[in-house]
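Enquirer: I'd like to ask you about the structure that follows.
The values are calculated or read from the model by the stated rules, or taken from the named source; none is laboratory data. Here the structure is a predicted model, which means the values were calculated and not measured. Here the Cβ is made from the backbone with ideal geometry for all residues, glycine too, and neighbour counts use every protein chain on show. These accessible areas exclude ligands, DNA and RNA; they are computed on the full protein's heavy atoms, side chains included. Shrake-Rupley method; radii C 1.70, N 1.55, O 1.52, S 1.80 Å.
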Amino acid sequence: MKFTKMQGIGNDYVYVNCLSEQVKDPAGTAVLVSDRHFGVGSDGLILICPSEVADFRMDMYNADGSRGEMCGNGIRCVAKYVYDYGLTQEKKITIETLGGIKTLKLFTEDGVVTRVRVDMGEPILVPGQIPVSFEGDTVIDRPITVQNKEYRVTCVSMGNPHAIVFMEEIRDLPLTEIGPSFENHELFPKRINTEFVQVVDRKHVNMRVWERGSGETLACGTGACATAVACALNGKTDRDVTIGLLGGELEIEWEETDNHVYMTGPAAIVFDGEIDMDALRANTRA
């Protein structure tokens with residue numbers, strides 16, 4: 001199987017061009033290639049596929065094999081792949097995802113994509129549509145008990161579900177201890193991505209993320225978008241804000257005119273490769 005390892009501010013995935021390759025078991029393949037000791041090493045697997053309703057389709061699988069609706073960092077890398085590898089010459093493209101069709105604007109230097117601006121669509125705030133099991137029209141600064149401690153969460157979907165928790169300090173947060181308890185909490189019927197956020201000022205926040213199915217990652221694009229919305233809803237920042245993540249920064253704008261969230265950030269190719277999946281399965285079993 002031919003593949004390309006790519007990353008968006010440290011959120012890394014294995015990409016397969018399914019216009020020319022076939023992946024028979026994407027969930028199982030995601031588990032194998034994501035392993036950082038026996039596989040390629042990644043936060044998951046992303047398949048670049050043909051689409052009947054957009055220019056391309058992105059199928060995303062987390063490191064545990066579960067399917068994800070959307071990935072903000074991943075979709076920017078898809079845009080870079082299709083342009084840099086000659087699958088399109090357009091600098092404005094559409095990509096079909098389980099979270100809807102996204103429109104992307106590509107910025108290039110010397111013939112390659114360096115940054116991508118993604119129209120992430122409107123944030124979803126209705127609890128049943130996120131989905132989260134809270135009553136009411138929205139979930140803004142609501143209490144939740146995790147490991148016998150009360151936290152306050154704001155819940156937003158950007159095509160996949162997010163719970164944002166504001167904290168005074170996140171640097172020393174024991175995320176591997178509390179992250180799974182948030183992810184699998186009974187109030188989140190499809191599990192949850194959780195963002196732990198420290199506000200710096202009206203234009204800047206820092207964020208760590210526990211991603212559903214992958215654990216802590218260096219970045220999460222949809223999580224950054226959800227965080228920007230949560231910041232504005234709670235009156236903590238303006239509607240355009242820079243999100244600082246472990247892997248870098250993303251620029252997020254929540255436009256009042258159309259209610260859409262726009263994300264701008266880099267995308268990079270790490271390397272191309274080819275892997276013998278039968279040998280990988282055998283080595284992993286051993």
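Enquirer: So in the stretch 107-123, with the set limited to residues that are of a type in the set (A, V, I, L, M) and over 16 Å from the mean Cα position of the chain (by Cα), which one is least open to solvent (accessible area, probe 1.4 Å)? Walk me through it before giving the result.
Expert: Of the residues in the stretch 107-123, the ones of a type in the set (A, V, I, L, M) are 112-113, 116, 118, 120.
Pick out the ones that are also over 16 Å from the mean Cα position of the chain (by Cα) and you get 112-113.
On the way: V112: 59, V113: 2 Å².
Among them, the one singled out is V113.
Enquirer: Test of understanding: among I101, I95, I9, which residue is crowded, with 16+ Cβ neighbours inside 10 Å, touching a residue at least 40 places away in the same chain (Cβ under 8 Å) and at negative phi?
Expert: Values: I101 fails: crowded, with 16+ Cβ neighbours inside 10 Å; I9 fails: at negative phi.
The unique qualifying residue is I95.
Enquirer: Contact list please: Cβ distance under 9 Å, first residue in the stretch 106-131 and over 23 Å from T94 (Cα atoms), second residue open to solvent by 10 Å² or more (accessible area, probe 1.4 Å) and part of a strand (DSSP E or B), pairs at least six apart or on different chains.
Expert: I130/I124
Enquirer: Scan the stretch 180-193 and report the pairs whose first residue is in contact (Cβ under 8 Å) with a residue 24 or more places away in the chain and on the phi > 0 side of the Ramachandran plot and whose second residue is open to solvent by less than 60 Å² (accessible area, probe 1.4 Å) and not hydrophobic (A, V, I, L, M, F, W, C), with Cβ atoms within less than 7 Å and a gap of 6+ or a chain change.
Expert: As it stands, the answer is R191/E183; R191/R212, since those pairs meet every condition given.
Enquirer: If you scan the stretch 27-46, which residues turn out to be surrounded by fewer than 18 Cβ atoms within 10 Å (Cβ to Cβ) and under 18 Å from the mean Cα position of the chain (by Cα)?
Expert: A27, G41
Enquirer: Still on this structure, I have one more. List every residue pair whose Cβ atoms lie under 6 Å apart, where the two residues are 6 or more positions apart in sequence or sit on different chains, the first residue falls within the stretch 65-92 and is farther than 17 Å from G10 by Cα, and the second residue, located anywhere, is open to solvent by 40 Å² or more (accessible area, probe 1.4 Å) and of a type outside the set (V, I, T).
Expert: E69/L98; K92/K105
Enquirer: Run C71 past the list (1) crowded, with 24+ Cβ neighbours inside 10 Å; (2) touching a strand residue (DSSP E or B) at 6+ places or on another chain (Cβ under 6 Å); (3) at pLDDT 95 or above and report the number of the one that doesn't hold.
Expert: Failing condition for C71: (3).
Enquirer: Within the stretch 136-149, which residues are charged (D, E, K, R) and either part of a helix (DSSP H, G or I) or free of Cβ contacts under 8 Å to residues at least 24 places away in the same chain (or both)?
Expert: Initial filter on the stretch 136-149 (charged (D, E, K, R)): 137, 141-142, 149.
Within the stretch 136-149, D137, R142, K149 qualify.
Enquirer: Okay, moving on. What are the residues in the stretch 12-26 that are farther than 18 Å from G68 by Cβ and surrounded by 20 or more Cβ atoms within 10 Å (Cβ to Cβ), if any? Lay out the reasoning, then the answer.
Expert: So the first thing to find is which residues in the stretch 12-26 are farther than 18 Å from G68 by Cβ, and the list is 17, 19-22, 24.
Those that are farther than 18 Å from G68 by Cβ and surrounded by 20 or more Cβ atoms within 10 Å (Cβ to Cβ): none in the stretch 12-26.
Enquirer: Got at least one residue in the stretch 53-70 being more than 19 Å from the chain's Cα centre (by Cα) and over 14 Å from K105 (Cα atoms)? It would help to see each step written out before you state the result.
Expert: Initially, the stretch 53-70 is screened for residues more than 19 Å from the chain's Cα centre (by Cα), giving 53-55.
Subsequent filtering for residues that are over 14 Å from K105 (Cα atoms) retains 53-54.
Yes, the stretch 53-70 has at least one match.
Enquirer: Within the stretch 205-224, can you find the residues that are farther than 13 Å from E69 by Cα and of a type in the set (V, I, T)?
Expert: V205, V209, T217
Enquirer: In addition: Out of all the residues in the stretch 157-177, which are assigned to a helix (DSSP H, G or I) and either in contact with a Lys or Arg (Cβ under 7 Å, 6 or more places away or on another chain) or open to solvent by less than 10 Å² (accessible area, probe 1.4 Å) (or both)? Give the steps one after another, and end with the answer.
Expert: Quick first cut of the stretch 157-177, residues assigned to a helix (DSSP H, G or I) only: 175-177.
Of everything in the stretch 157-177, just one residue is assigned to a helix (DSSP H, G or I) and either in contact with a Lys or Arg (Cβ under 7 Å, 6 or more places away or on another chain) or open to solvent by less than 10 Å² (accessible area, probe 1.4 Å) (or both), namely L175.
Enquirer: A follow-up question, please. Evaluate the following for Q89: is it of a type outside the set (A, V, I, L, M), surrounded by fewer than 16 Cβ atoms within 10 Å (Cβ to Cβ) and either over 22 Å from E216 (Cα atoms) or in contact with a Leu (Cβ under 6 Å, 6 or more places away or on another chain) (or both)? Reasoning before the result, please.
Expert: Numbers: of a type outside the set (A, V, I, L, M): yes; surrounded by fewer than 16 Cβ atoms within 10 Å (Cβ to Cβ): yes; either over 22 Å from E216 (Cα atoms) or in contact with a Leu (Cβ under 6 Å, 6 or more places away or on another chain) (or both): yes.
So Q89 passes the test.
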